[in-house]
Amino acid sequence: MSGRRPRASRRGAPLQVPVTAGPEPSPLYTQVYREIREHILSGVLRPGARLPSARTLAADLGVSRNTIEAAFLQLGAEGFITRRVGAGTTVASSMGESAPFRARPRRAGTPRAEAPRSAALRLSARGTLITECGLAEIAGDHPAGPCATEVAGFPVRTWNRLLARRARRAGIAPFQAADPAGLPALREAIADHVRVTRGVRCEWRQVIVVTSTQQALDLCGRLLLDPGAVALMEDPGYRGTRAALLAAGAEVRGVPVDGDGVDPEALAAHPGARLLYVTPSHQYPLGVTLTLARRLALLRWAAATGAWILEDDYDSEFRYDGRPLASLQGLDPEGRVIYLGTCNKVLFPGLRLGYVIVPPGLVAPFTAARRISDGFSPPLVQAVLADFISGGHFAAWLRQARQHYAACRDALVASITTQWGPAVTLGPSDTGLHLMAHLPDGAPDAAIAEAATAQCLGVLPLTRYLAAPSRRRGLLLSYVAGTPARIPADVAALAPAVRGRRGR
Ligand SMILES: Cc1ncc(COP(=O)(O)O)c(C=O)c1O
């Protein structure tokens, strides 16, 4: 149904009431109500303007008088119109002369679009940085990209049992506000875990629970960087970090990474840098490990310059061969290293729990920042995670997951070695859920990744992670969704693209 009848208001402005039926039309009286309201808000109907009588409008629009009466009732209740016996129905004078929204009225049948109001949409300088830092794209990351995790084998029943037990026994506590720094039981469990497995030196109060490494990076950027401060990160490097540092207003510069990790000699080119982000245990995305000599050089640099080092230890739980090097934080006598860990990768991405381990002097600032950021993490989930860790389930899951991923890694390495030919060289694969297959310089890695139709392998191009112009090319292969049985077929499916496109 549609109708459009001009009427003259008291000041001569035309009153048009288009009524349209959409695919799922709302009640007729709501449509009439919305149309009149829009005309009032946009200033087409000014305060004091007289509306047609309910009877006339009903006849004009071909609807019942009850429909118009219901619309008028609603408009009157909300203060848009006044109805007085003898004076008819008029736009309320309390609406004031300046209409809040000076949008032009729609023509009948045109969709109700959100008209851009540039003044209202003007963002702060920080808002613009946040919008332009590329995080929106990261949120919709590749299904098998860096943040993906295979959850199929996770002991869901155990988790749910712990959840039910906590919910039964905890009474009202999980429904109340909690410490922004996290539940003491979880902070203690995390501290015990990283002390034993990663050689982190901390006491539990230094552990601040966050939703994710991404939130930890955001808090670090806001607490430690002034606008325009120089922040350094590995190149190639993790895009989530780049986005968070840019959003904090920092000038982000890349420091080259080679087979031994990030190059400390390159730091001299950035005097005054306030912060360096590194992934020493398993460089993202190249997979190399930062050598001990370079770790010590980074710590000397931080001590000498007063810069912070952010150590992102995002996946070292998945270590397949040999023992990992202990954390950089554990080697630091000066308290310049901030250690970031996440449970979203090692457990499941829907968990939204991670942690940042800070020097004692930063506990209060981080707690305050977490408080004003989003308060705190849900206490019930924190308590369940604490039970999961202290009950030995975390360690058991790790053993099982490691076995599965090691078999995937073996299948991937063997298949690539036999099927992709000598032009491809593999990066380290002793840790993590992905590995880098290096292609000849200048090879079209983005096009190959784009064309990849592999079912269980995630394929992303190295160029995506490069900050400075470079001819380095490669494919980041994630095997989180893989199975040892399916991987060889996926590698075979990718072989023609890889072999057919040489570097230039
Ligand atoms: C280098 C690196 N850091 C951190 C993370 C993710 O952490 P979160 O999901 O807790 O933000 C990822 C993705 O899994 C990653 O690749």
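The values are calculated or read from the model by the stated rules, or taken from the named source; none is laboratory data. This one's a predicted model, so the numbers in the text were calculated from it and none came from an experiment. Positions of Cβ are generated from backbone atoms using ideal geometry, with glycine treated the same way; all protein chains shown enter the neighbour counts.
Of all residues in segment 61-73, those satisfying the criterion of being within 17 Å of Gly88 (Cα to Cα) and either of a type in the set (Lys, Arg) or surrounded by fewer than 18 Cβ atoms within 10 Å (Cβ to Cβ) (or both) are Arg65, Asn66, Glu69, Leu73. Scanning segment 386-404 finds no residues that are at pLDDT 95 or above, touching a Lys or Arg at 6+ places or on another chain (Cβ under 8 Å) and within 15 Å of the ligand (Cβ to nearest atom).
Here Thr110 does not fit the description of being under 29 Å from Gln382 (Cβ atoms), at pLDDT below 65 and β-branched (Val, Ile, Thr). Taking segment 198-218 as the range and being away from the ligand (no atom under 16 Å from the Cβ) and either closer than 28 Å to Arg323 by Cβ or aliphatic (A, V, I, L, M) (or both) as the test, the residues that pass are Gly199, Val200, Arg201, Cys202, Glu203, Trp204, Gln206. When the test is whether a residue is within 30 Å of Leu385 (Cα to Cα) and surrounded by 20 or more Cβ atoms within 10 Å (Cβ to Cβ), Leu276 does not pass it. Residue count for segment 219-252 under the criterion of being more than 10 Å from the ligand (Cβ to nearest atom) and out of contact with any strand residue (DSSP E or B) (no Cβ under 8 Å at 6 or more places or on another chain): the result is 7. Report whether or not Gly391 is farther than 22 Å from His282 by Cβ, of a type in the set (Gly, Ala, Ser) and touching a residue at least 60 places away in the same chain (Cβ under 8 Å). Criteria met by Gly391. Taken over segment 353-365, the criterion of being buried (at least 17 other Cβ atoms within 10 Å of the Cβ) and either within 16 Å of the ligand (Cβ to nearest atom) or within 15 Å of Glu188 (Cβ to Cβ) (or both) is satisfied by Leu353, Gly354, Tyr355, Val356, Ile357. Against the definition (more than 13 Å from the ligand (Cβ to nearest atom), modelled with pLDDT of 95 or more and polar (S, T, N, Q)), how does Thr291 come out, yes or no? For Thr291, the condition - more than 13 Å from the ligand (Cβ to nearest atom), modelled with pLDDT of 95 or more and polar (S, T, N, Q) - is met. Thr417 meets all of the listed conditions (1) in contact with a Gly (Cβ under 9 Å, 6 or more places away or on another chain); (2) at pLDDT 95 or above; (3) more than 23 Å from Pro184 (Cα to Cα) but one, namely (1). Within segment 298-306, identify whether any single residue is surrounded by 19 or more Cβ atoms within 10 Å (Cβ to Cβ), hydrophobic (A, V, I, L, M, F, W, C) and within 13 Å of the ligand (Cβ to nearest atom), and answer yes or no. No; the residues of segment 298-306 include none that is surrounded by 19 or more Cβ atoms within 10 Å (Cβ to Cβ), hydrophobic (A, V, I, L, M, F, W, C) and within 13 Å of the ligand (Cβ to nearest atom). If I filter segment 229-238 for residues that are surrounded by fewer than 23 Cβ atoms within 10 Å (Cβ to Cβ), assigned by TED's automatic domain parsing to the domain that holds Leu292, without any contact (Cβ under 8 Å) to a residue 40 or more places away in the chain and not basic (Lys, Arg), do I get at least one hit? Looking through segment 229-238, none of the residues is surrounded by fewer than 23 Cβ atoms within 10 Å (Cβ to Cβ), assigned by TED's automatic domain parsing to the domain that holds Leu292, without any contact (Cβ under 8 Å) to a residue 40 or more places away in the chain and not basic (Lys, Arg).
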